[in-house]
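These notes concern the structure reproduced below.
The values are calculated or read from the model by the stated rules, or taken from the named source; none is laboratory data. Keep in mind the model is a prediction, meaning the values are calculated, not measured. Note that we place each Cβ from the backbone using ideal geometry, even for glycine, and neighbour counts take in every protein chain shown.
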Amino acid sequence: MTAWATVLLTLGSLVIGSVLTMLGQAFMDRRARSREREARREEFVIRNFDTQKEALLKVQELVNEIARNVSAENLRKFDEGVYAYFESKPSRRIVSDMMIMAQGAQDLEQLIDESKPPLTKEEIKRLEREIRRIMKDLPSTAERVQAEMDMIANKSMSDKTREFRHGLVRLIQDLTVNMYRTGSESVISAIRDYLDAALAYSDRLVMTDMEQYKEEEWQARTRLHETVGQELKRGPFSG
């Protein structure tokens with residue numbers, strides 16, 4: 001082998017060795033970057049799962065608190081006679097009294113229309129008697145209507161009711177935030193169903209069908225807890 005061939009062979013070996021080394025390094029770098037990306041992805045998935053798990057546990061806590069508050073408020077309304085009052089149908093009494101007042105006003109208007117001057121003394125006396133008769137019960141009837149309306153306002157929106165509703169709004173706001181943090185459509189749907197049932201149960205002012213509303217609230221709450229439980233069983237890398 002000539003000297004030039006030896007030199008060329010040596011240079012070729014060096015070049016090939018360098019290329020192979022660079023290719024090997026590039027392959028190793030690519031694998032390292034791939035492992036790094038996979039590690040970051042796994043870290044993100046785990047962090048995201050921890051956030052979702054925390055939100056799911058918070059959902060359970062908030063739902064239980066809403067249920068306790070609704071139950072306590074309904075018991076208060078029962079103990080303080082709210083249900084009994086509205087079951088006595090106060091609106092019917094108001095309508096009846098207002099019809100009496102309307103009839104009195106109509107009778108008074110008719111009496112005035114029929115009294116054409118000049119009037120004799122007897123006619124004037126008769127007119128005065130009729131006006132007194134018509135007006136006799138109107139003030140007390142108007143006071144009765146006002147008192148009934150005040151009672152309805154007090155029973156349906158007392159200070160305790162306002163306090164309950166303000167607290168309920170805060171709980172629902174917290175629940176809504178954590179609802180979306182769970183990232184679960186099934187949980188979100190179950191929460192919405194539960195809130196519909198809970199609000200329908202808490203808004204009742206009479207005992208009629210109360211057991212049905214109570215049962216619907218309990219069933220919706222049970223379904224929600226089951227849905228949350230299923231999500232909590234899922235690992236961070238579940239499909």
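Take residue 88 and tell me if it is modelled with pLDDT under 85 and either within 30 Å of residue 176 (Cβ to Cβ) or not aliphatic (A, V, I, L, M) (or both).
So residue 88 does not fit the description; no.
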> In the stretch 129-172, how many are farther than 17 Å from residue 72 by Cα, touching a residue at least 24 places away in the same chain (Cβ under 8 Å) and not aliphatic (A, V, I, L, M)?
Replying inline: 4
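Is it fair to say residue 192 is of a type in the set (Lys, Arg), more than 24 Å from residue 82 (Cβ to Cβ) and out of contact with any Gly (no Cβ under 8 Å at 6 or more places or on another chain)? I'd like the intermediate steps shown before the answer.
On the way: of a type in the set (Lys, Arg): yes; more than 24 Å from residue 82 (Cβ to Cβ): yes; out of contact with any Gly (no Cβ under 8 Å at 6 or more places or on another chain): yes.
Judged against the criteria, residue 192 is a match.
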> Can you name the residue in the stretch 68-97 that is surrounded by 19 or more Cβ atoms within 10 Å (Cβ to Cβ) and among the hydrophobic types (A, V, I, L, M, F, W, C) and is also nearest to residue 138 (Cα to Cα) among such residues?
Replying inline: 86
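Among the residues of the stretch 58-68, is there at least one that is at pLDDT below 60, among the acidic types (Asp, Glu) and assigned to a helix (DSSP H, G or I)? Even if it seems obvious, please write down each step before you answer.
We begin by selecting, within the stretch 58-68, every residue at pLDDT below 60; these are none.
Checking the stretch 58-68: not a single residue is at pLDDT below 60, among the acidic types (Asp, Glu) and assigned to a helix (DSSP H, G or I).
Table: residues versus (1) surrounded by 15 or more Cβ atoms within 10 Å (Cβ to Cβ); (2) of a type in the set (Ser, Thr, Tyr).
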residue: 122; (1), (2): no, no
residue: 129; (1), (2): no, no
residue: 144; (1), (2): yes, no
residue: 152; (1), (2): yes, no
residue: 156; (1), (2): no, yes
residue: 183; (1), (2): yes, no
residue: 190; (1), (2): yes, no
residue: 195; (1), (2): yes, no
